[in-house]
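Sending over a structure as structure tokens; questions will come in a sec.
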Amino acid sequence: MSANRSKLLRTALTGVLTLGAAASVLSLAGPAQAVGTSSVNGPISRSEIIARAQNWVDQAVPYSQSLWHSDSNGSYRQDCSGLVSMAWHLNTSRVTSTLDDVSTRLGSLDDLQPGDMIDNITTHVVLFAGWTDSSHTNAVIYQEPKPGRTAEKTTYSRSYLTSNGYLPYRYDNTIDSAPLPPKQAAVGWGAQVVVNGGGDVMHATRSSNGSWSGFGNVESAAGDIGVVRAIADAGINGDTHVLAVGGDGNIYHAVRHSGGSWDRFTDIGPQTNQLGGVTKISAVSIGGDLHVVVVADGRLFHTARLANGTWLRFGEITPAGGTVTSAAAASVNGELQVVAASGGTVYHTIRAVSGSWSAWGNAYDMAGNVGTALDVALAGTGADAQIVVVTSSGQQFHGARYGNGSWQPFGELAPVIGSFTANRVSAANIDGEFQAVFITNDGRIMHTIRDGSGSWDPAAAIQLNGVNGNHYDVSIGGTFN
């Protein structure tokens, strides 16, 4: 963009707007931590822009035209244009009339993407995070609103924006999130995805170069166990361990070996004791052991298949929050961590290497209440536990419990991975990356990756050729040859 193009105004208008059209959203206070990997005035991904804006909301940074907020993300004036300058990682706080020096005007509000700005250069500027619907009638935005308020995430109607002279702009150094470059085939990592399609267990592999195999029917190779009700999988080296609740209500276990051959499904009940009313299974490997958590009759149980092939008896680990509807297990720094949706709230616990369990903690108290939890997923990345919650409204939220015991507040995923309504989620650590799969209400299965820098890939639909019927459950695990 030409730096000397004409301007309507060159005055230092930082903007105070009376918000008759906006409804504020409650923010969560949290510790300031550096967000992302961009450098000052350098290229920056959309996901990092949104994360930086959310960081001010999490800290409840108060509006001020004279004060500057300083933390590990930089030092910026605490007003509307200061928030946008901070989110874009500029070298200084610009004003509403000069932010377009470093951005390009878009043709239409419909061209907006997360991380762009909507600016009336005489009054106020906001950061665009997404649309609430496909008709683009309401925009989700981040802003510093006015004195007496703090940074917030809220909505503006399209009619309000157009009638008040707001125009769309894109920061010139914005880069779209892109998949990581393909890894060498010799690396051998694979994401193993199993789907309950019409009551059948179906399996596919996403290889380290990003390509997908077709789905195959597991029961045709491992034995028919009837109309399947719930599934889970986890990798141990090159083997994929699959658990499924069969038509008789029993839990079955099978192994897919690295060469593609399958062992037969076997009923684990004789070794673990039989559970009735199983509705959810999650599994993860720690060393050569396979740890399994099961929701049965609204209660939560744990077992493990040891490296020698023997199983532990189920032990109950139900949190005190109410009826358990979902649970997920993960290996975090060599320890088993579990999250559970109980009474609509998310709880968290840790099983030490010694086998002792910590007291359940309320994750909503630590990371924010995002609504009634329908499904949960968990995966460890280093010492951190990455958590995804799908709410009863179909929204998806991500948070984390850090290795030091502090929590990253839950943030909505739609602005960074795309908008869809989901009812199931599963996640796994695959070669150091957090990968997640969702079942949407319109029958798709979406896949996304959060890389080590914290950037998310836009969710993409997995091709489901050969998967028949409705999709009742999905699970993702990782293998390494």
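The values are calculated or read from the model by the stated rules, or taken from the named source; none is laboratory data. Computed from a predicted structure; not experimentally measured. Don't worry about glycine lacking a Cβ; one is built from the backbone with ideal geometry, like all the others, and counts go over all protein chains shown.
I need the full set of residues from segment 59-107 which are surrounded by fewer than 20 Cβ atoms within 10 Å (Cβ to Cβ) and closer than 22 Å to Pro458 by Cα, in order please.
Within segment 59-107, just Leu106 meets the criteria.
Right, Ser134: surrounded by fewer than 23 Cβ atoms within 10 Å (Cβ to Cβ) and either of a type in the set (Asp, Glu) or within 20 Å of Gly165 (Cα to Cα) (or both) or not?
no
I've got another one for you. Only residues that are among the hydroxyl-bearing types (Ser, Thr, Tyr), assigned to a strand (DSSP E or B) and crowded, with 18+ Cβ neighbours inside 10 Å: list them for segment 424-458, please.
The answer is Ser426, Thr448.
Among the numbered conditions (1) within 18 Å of Asp172 (Cβ to Cβ); (2) assigned by TED's automatic domain parsing to the domain that holds Met117; (3) among the polar types (S, T, N, Q), tell me where Ser38 comes up short.
Tallying (1) within 18 Å of Asp172 (Cβ to Cβ); (2) assigned by TED's automatic domain parsing to the domain that holds Met117; (3) among the polar types (S, T, N, Q), Ser38 fails exactly one: (2).
In a strand (DSSP E or B), at negative phi and either assigned by TED's automatic domain parsing to the domain that holds Leu464 or at pLDDT 95 or above (or both): is that true of Asn404 in this structure?
No: the conditions fail for Asn404.
Turning to a different aspect of this structure: Restricting attention to segment 110-131, and to residues there that are over 19 Å from Gly165 (Cβ atoms) and touching a helix residue (DSSP H, G or I) at 6+ places or on another chain (Cβ under 6 Å), which single residue is surrounded by the most Cβ atoms within 10 Å (Cβ to Cβ)?
Gly115
Moving to a separate point now. With (1) out of contact with any Pro (no Cβ under 6 Å at 6 or more places or on another chain); (2) on the phi < 0 side of the Ramachandran plot as the list, and Asn333 as the residue in question, which single condition is left unmet?
If we test Asn333 against (1) out of contact with any Pro (no Cβ under 6 Å at 6 or more places or on another chain); (2) on the phi < 0 side of the Ramachandran plot, just (2) comes out false.
Let's see how each residue does on (1) farther than 25 Å from Val437 by Cα; (2) out of contact with any Leu (no Cβ under 9 Å at 6 or more places or on another chain); (3) in the same structural domain as Ala373 (by TED's automatic domain parsing); (4) surrounded by 15 or more Cβ atoms within 10 Å (Cβ to Cβ):
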residue: Ile225; (1), (2), (3), (4): no, yes, yes, yes
residue: Thr240; (1), (2), (3), (4): no, yes, yes, yes
residue: Val255; (1), (2), (3), (4): no, yes, yes, yes
residue: Asp267; (1), (2), (3), (4): yes, yes, yes, yes
residue: Thr279; (1), (2), (3), (4): no, yes, yes, yes
residue: Gly298; (1), (2), (3), (4): no, yes, yes, no
residue: Phe301; (1), (2), (3), (4): no, no, yes, yes
residue: Asn308; (1), (2), (3), (4): yes, yes, yes, no
residue: Gly321; (1), (2), (3), (4): yes, yes, yes, yes
